[in-house]
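J.: The structure's right below; bear with me while I get my questions together.
The values are calculated or read from the model by the stated rules, or taken from the named source; none is laboratory data. On a predicted model such as this, the values are computed, not experimentally measured, just so you know. Quick reminder, even Gly has a Cβ in these numbers, built from the backbone with ideal geometry, and neighbours come from all protein chains shown.
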Amino acid sequence: MSKIPVTLLFSDGVTQKIEVEPGGKLLDAAAEAGWTLLTDCSNGQCGTCSGQCVSGRLDLDDYDPSVLPDDEREDGAVLCCVARVNEPAIVELPYESSEVGSGEPPTQQGTVVSVEKIAEETMRLEVEVAEPVSFLPGQYVRMRPEGQVEWRSYSMANETGQTRLVFFIRMVEGGVFSTWLSGAAPGSEIEVSAPRGSFFLRADARPRLFIAGGTGLAPFLAMLRAIRNGGYESAPTQLLVGVRSGAHLFARQELDAIKAEFPELQIHYAAEKDAPPGCHEGYGTDLIAGLGVDPKTQVYLCGPPPMVEAGREAIAKAGLRKSDALCERFA
Ligand SMILES: Cc1cc2nc3c(=O)[nH]c(=O)nc-3n(C[C@H](O)[C@H](O)[C@H](O)COP(=O)(O)OP(=O)(O)OC[C@H]3O[C@@H](n4cnc5c(N)ncnc54)[C@H](O)[C@@H]3O)c2cc1C
Ligand code: FES
């Protein structure tokens, strides 16, 4: 059977036609043609790869319906990472062709410098690479331990432009990377991709609300450091940190140190159980209604998908638009 044409329409007007084997994956065919479309999780869990099928049809493999609700799917929304081609289609992508045209930048070899358990189910990992890694605060890298096939994504918590990368990682029972991490030690080798992702701090002076679930705090540490260092407009900034229990709280000293130099920052903690003094007992998202957020606030949500969804609902109830929330789902 002959290949099926799919046209990609980028937001800058660039149009690219690609040819896909019947039943083939859109993402693979685009990459073969030199277009590495934007993705994060690559398995239908985060929404980064959203597009709009404006003509024809794309079939989708399994995905999380909270990321692509049925009504949006019916209106033609698609997740490119799980899309398969069985008939000609035209797909609109909400980003410019220049963001994806040059293919995947090279990876570099990293070495574990330290790895320690810092809270319940939570590890702090430091990796040293040869070339400084410049990234937009909030972005992540993919990492692949030596001898492993699979890549996993982790957000940098350090400042940009360093050779030492800092990660906060939740240990997932039976998980590929988590299992490796439990045995990792200084000197362990790991391959590190170039920085990626569209969840990064926007350069405007709107008030900011950062909502973190568990290790979803990691990208916010990088963002807060960038604002504190003066690289971004200063604006009232609220950080809401929600964790499973008081024993899961981490990086409080780092946050206190940032706050000491960032007077417009307010931090709120919540733990579902065993909350220590000064920390709300319950979900972090319960606190949103009481924050009195300015309607112009730019919201950033990062953490497990159910927490991100709860956060989107809560900001809508607080009078903000869901479209004002940038989301990163750790799935
Ligand atoms: C953009 C992005 C940034 C991220 N940043 C961070 C971060 O900064 N910190 C962080 O903690 N996480 C982050 N994550 C999540 C992270 O990438 C991993 O998904 C997470 O660490 C789990 O990886 P793992 O290899 O340990 O688990 P996986 O191997 O992916 O397993 C996940 C779950 O599936 C189960 N499972 C695995 N294989 C099977 C199987 N064959 N059959 C049945 N069940 C199975 C496991 O038991 C586990 O419960 C991020 C994710 C994204 C998309
Ligand atoms: S990259 Fe497609 S849903 Fe995450």
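J.: Whether any residue in the stretch 64-87 is closer than 24 Å to G34 by Cβ, outside the structural domain of A226 (by TED's automatic domain parsing) and part of a loop (DSSP other than H, G, I, E, B) is what I want to check.
T.: No, the conditions are met nowhere in the stretch 64-87.
J.: Which one is surrounded by the fewest Cβ atoms within 10 Å (Cβ to Cβ) among residues in the stretch 189-198 that are of a type in the set (G, A, S) and under 14 Å from Q108 (Cα atoms)?
T.: A194
J.: Conditions first: (1) more than 16 Å from ligand 2 (Cβ to nearest atom); (2) among the small types (G, A, S); (3) in contact (Cβ under 8 Å) with a residue 40 or more places away in the chain; (4) assigned to a strand (DSSP E or B). G51 passes all but one, so which condition is the exception?
T.: Going through (1) more than 16 Å from ligand 2 (Cβ to nearest atom); (2) among the small types (G, A, S); (3) in contact (Cβ under 8 Å) with a residue 40 or more places away in the chain; (4) assigned to a strand (DSSP E or B) one by one, G51 breaks only (1).
J.: While we're looking at this one, here's another question. Based on what the data block shows, is A89 more than 11 Å from ligand 2 (Cβ to nearest atom), modelled with pLDDT under 90 and not β-branched (V, I, T)?
T.: It is false that A89 is more than 11 Å from ligand 2 (Cβ to nearest atom), modelled with pLDDT under 90 and not β-branched (V, I, T).
J.: Applying the selection to the stretch 184-211, what residues are among the hydrophobic types (A, V, I, L, M, F, W, C), within 16 Å of ligand 2 (Cβ to nearest atom) and not in a loop (DSSP other than H, G, I, E, B)?
T.: Passing the criteria: none in range.
J.: Within the set of pairs 6+ apart or on separate chains, which have a first residue in the stretch 215-237 that is in contact (Cβ under 8 Å) with a residue 40 or more places away in the chain and assigned to a helix (DSSP H, G or I), a second that is among the basic types (K, R) and crowded, with 20+ Cβ neighbours inside 10 Å, and C-beta atoms under 6 Å apart?
T.: Filtered contacts from the stretch 215-237: T215/R170.
Conditions (1) within 13 Å of ligand 1 (Cβ to nearest atom); (2) in contact (Cβ under 8 Å) with a residue 60 or more places away in the chain; (3) more than 21 Å from L301 (Cα to Cα), marked per residue:
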{"residue": "Q108", "(1), (2), (3)": "no, yes, yes"}
{"residue": "G138", "(1), (2), (3)": "yes, yes, no"}
{"residue": "R144", "(1), (2), (3)": "yes, no, yes"}
{"residue": "M156", "(1), (2), (3)": "yes, yes, no"}
{"residue": "Q162", "(1), (2), (3)": "no, no, yes"}
{"residue": "F168", "(1), (2), (3)": "yes, yes, no"}
{"residue": "G183", "(1), (2), (3)": "yes, no, yes"}
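For every residue, the table says whether it meets (1) surrounded by fewer than 19 Cβ atoms within 10 Å (Cβ to Cβ); (2) of a type in the set (S, T, Y).
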| position | (1), (2) |
| --- | --- |
| P69 | yes, no |
| D75 | yes, no |
| C81 | no, no |
| E87 | yes, no |
| E96 | yes, no |
| G110 | no, no |
| S114 | yes, yes |
| L125 | no, no |
| E128 | yes, no |
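J.: Can you name every residue in the stretch 268-307 that is part of a strand (DSSP E or B) and surrounded by fewer than 18 Cβ atoms within 10 Å (Cβ to Cβ)?
T.: The answer is H280, E281.
J.: Specify which of the listed residues (V166, V141, V149, V172) is surrounded by fewer than 17 Cβ atoms within 10 Å (Cβ to Cβ) and either within 16 Å of ligand 2 (Cβ to nearest atom) or under 20 Å from the mean Cα position of the chain (by Cα) (or both).
T.: None of the others qualify; the one that does is V172.
J.: Given (1) over 23 Å from Y154 (Cα atoms); (2) in contact with a helix residue (DSSP H, G or I) (Cβ under 7 Å, 6 or more places away or on another chain), identify the lone condition not met by Q52.
T.: Only one criterion in (1) over 23 Å from Y154 (Cα atoms); (2) in contact with a helix residue (DSSP H, G or I) (Cβ under 7 Å, 6 or more places away or on another chain) is unmet by Q52, namely (2).
J.: Restricting to the stretch 104-132, what's the tally of residues that are closer than 30 Å to L26 by Cα and either of a type in the set (V, I, T) or within 20 Å of the chain's Cα centre (by Cα) (or both)?
T.: Matching residues across the stretch 104-132 total 3.
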